[in-house]
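Working notes, structure below.
The values are calculated or read from the model by the stated rules, or taken from the named source; none is laboratory data. Small disclaimer: the values here were computed from a predicted structure and weren't measured. Here the Cβ positions follow ideal geometry from the backbone for every residue, glycine too, while neighbour counts run over all protein chains shown. Side chains included, ligands, DNA and RNA excluded: accessible areas come from the protein's heavy atoms. Shrake-Rupley method; radii C 1.70, N 1.55, O 1.52, S 1.80 Å.
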Amino acid sequence: MSLLQILRPTLPILIGASIMLTLSMGLRQSLGIFLQPLTQDIKISVSDFTLALAVQNLAWGFLQPLAGAMTVRYGFRPIMMVGSLFYIVGLALLATAQGMLFVMIGGGVLIGTSLACTAAAIAMSVAARSVPAAVRSTVMGIVSAAGSLGALLSAPIGQLLNEGFGWRTGMMGFVILSLFMLPAAWYAGRVDKVPLPPKGPDDIADTSAAVAVKIAFSNASFVVMTLAYFVCGMQLVFLTTHLPSYLAICGMDPMLSAQTLGMIGGFNVLGSLFFGWAGQRWNKLALLGGIYIARSLILAWYFMLPPSPASTLLFGALMGFLWMGVGPLVAGAVAEMFGLQWQAMVQGLAFMSHQLGSFLGAYGGGLLYDQLGSYTMAWRIGVALGLAGGIIQVAFALIRPSAPPMLKTA
């Protein structure tokens with residue numbers, strides 16, 4: 001049976017999850033475009049703006065396990081719909097901000113809360129429940145790839161509106177795009193009618209959230225993956241927040257930052273498809289470590305050289321390929337370790353570590369820039385921690401290997 005035939009009954013669910021994910025991630029990844037004009041217009045510092053984005057990441061991370069646990073009790077649809085509404089209101093507050101308060105509430109608290117209900121952990125859980133285990137990693141890679149298209153759309157639109165009509169108009173363009181999250185979440189919510197597969201021997205099922213948390217953190221492979229996930233958040237949010245500012249400081253064309261974010265989004269598609277396919281065949285945790293190591297080496301190469309349009313676009317392509325490929329790998333690893341019933345919550349527990357790294361990448365990068373006048377120390381820290389986390393992840397995966405689904409069913 002072909003992949004399309006397998007997926008046909010659940011295509012509306014997968015398409016809805018993909019559109020919801022592409023908008024929630026794409027709009028958020030493009031907020032750095034507005035850093036310079038917004039901070040200058042409403043008289044706040046770079047570190048003030050990045051503090052709001054850091055709060056966004058903390059709210060996202062710490063509310064993700066709660067949102068995941070609530071899907072077990074209430075279903076996915078109401079959680080995703082409420083999250084979509086929060087996103088729309090958060091962007092509207094940002095577009096009308098006159099000071100730090102609305103930036104913090106809209107761009108920080110509300111969008112962070114929304115992401116816990118609409119972004120990768122929930123979308124990957126929806127995709128995982130919709131399809132058989134034999135194609136689960138591949139399908140999650142496809143959904144993650146579709147979710148990567150948002151930056152291709154939102155970054156250029158935001159930059160064009162920003163340059164032509166001002167940052168507030170650019171932000172209102174984002175508000176209009178976010179409205180499409182509501183019907184997408186509604187269709188993705190059909191997953192609530194899909195029954196769970198039979199319980200496996202190691203699955204967490206028919207228990208309380210507290211017991212599920214205890215079981216997850218007693219698993220050494222999960223703990224190492226969670227700690228290494230810190231590196232992922234730190235590197236990626238540092239780039240999405242500070243790359244436009246770094247390019248502006250270096251005298252690059254402002255459109256280059258949008259083009260680079262779009263390049264990241266485009267190669268995200270290829271990377272997500274590849275790592276979703278690869279996770280069906282090879283050790284997911286070893287692949288994760290390889291991604292962290294490769295990202296760190298590319299980050300070091302780019303920031304050691306004076307930026308140019310060609311090197312910046314190549315950097316965006318390479319980082320994009322390694323960007324959201326972690327999504328299907330982490331989600332697939334959690335599903336293999338613990339089953340599907342508590343997947344969204346357990347994945348959210350790992351994501352808390354990711355978001356602590358995101359806090360450091362967003363706010364720490366801004367703080368170091370304000371104190372030192374450059375991003376040199378920030379990228380050096382990102383490279384060092386990335387190499388350390390990646391090497392530890394690969395080493396542990398090789399010490400305690402697990403067979404991927406394709407080998408288990410062979």
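Here are the numbers for this structure:
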{"quantity": "Flag if residue 115 is surrounded by fewer than 24 Cβ atoms within 10 Å (Cβ to Cβ), among the hydrophobic types (A, V, I, L, M, F, W, C) and either touching a residue at least 24 places away in the same chain (Cβ under 8 Å) or touching a strand residue (DSSP E or B) at 6+ places or on another chain (Cβ under 8 Å) (or both)", "calculated": "no"}
{"quantity": "Test result for residue 160, out of contact with any Asp or Glu (no Cβ under 8 Å at 6 or more places or on another chain) and more than 14 Å from residue 24 (Cα to Cα)", "calculated": "yes"}
{"quantity": "Residues satisfying the stated conditions in the range 262-279, i.e. farther than 12 Å from residue 323 by Cβ, open to solvent by less than 10 Å² (accessible area, probe 1.4 Å), modelled with pLDDT of 80 or more and not aliphatic (A, V, I, L, M)", "calculated": "276, 279"}
{"quantity": "Helices (runs of 4 or more DSSP H) wholly inside the range 351-410 containing at least 1 residues that are modelled with pLDDT under 75 and closer than 24 Å to residue 112 by Cα", "calculated": "365-372"}
{"quantity": "Matching residues, the range 51-62, being out of contact with any Ser or Thr (no Cβ under 6 Å at 6 or more places or on another chain) and surrounded by 21 or more Cβ atoms within 10 Å (Cβ to Cβ)", "calculated": "51, 52, 54, 55, 56, 60, 61"}
{"quantity": "For residue 323: the one exception among (1) at pLDDT below 80; (2) of a type in the set (Phe, Trp, Tyr); (3) in a helix (DSSP H, G or I)", "calculated": "(3)"}
{"quantity": "Residue in the range 333-341 that is out of contact with any Asp or Glu (no Cβ under 6 Å at 6 or more places or on another chain), closer than 22 Å to residue 242 by Cα and surrounded by 22 or more Cβ atoms within 10 Å (Cβ to Cβ) present", "calculated": "no"}
{"quantity": "The listed residue being among the hydrophobic types (A, V, I, L, M, F, W, C), within 22 Å of residue 338 (Cα to Cα) and in contact with a helix residue (DSSP H, G or I) (Cβ under 9 Å, 6 or more places away or on another chain), out of 109, 103, 131", "calculated": "131"}
{"quantity": "Total residues in the range 17-46, condition assigned to a helix (DSSP H, G or I), of a type in the set (Gly, Ala, Ser) and either open to solvent by 10 Å² or more (accessible area, probe 1.4 Å) or touching a His at 6+ places or on another chain (Cβ under 6 Å) (or both)", "calculated": "1"}
{"quantity": "Residue check for residue 179: surrounded by fewer than 19 Cβ atoms within 10 Å (Cβ to Cβ), of a type in the set (A, V, I, L, M), over 21 Å from residue 58 (Cβ atoms) and modelled with pLDDT of 80 or more", "calculated": "yes"}
{"quantity": "Checking residue 71 against (1) open to solvent by 30 Å² or more (accessible area, probe 1.4 Å); (2) more than 18 Å from the chain's Cα centre (by Cα); (3) of a type outside the set (Phe, Trp, Tyr); (4) under 30 Å from residue 7 (Cα atoms), the condition it does not meet", "calculated": "(1)"}
{"quantity": "Lone unmet requirement of (1) within 20 Å of residue 181 (Cβ to Cβ); (2) polar (S, T, N, Q); (3) over 15 Å from the mean Cα position of the chain (by Cα); (4) open to solvent by 10 Å² or more (accessible area, probe 1.4 Å) for residue 84", "calculated": "(4)"}
{"quantity": "Within the range 107-157, helices (runs of 4 or more DSSP H) holding 1 or more residues that are at pLDDT 85 or above and among the polar types (S, T, N, Q)", "calculated": "111-118, 120-130"}
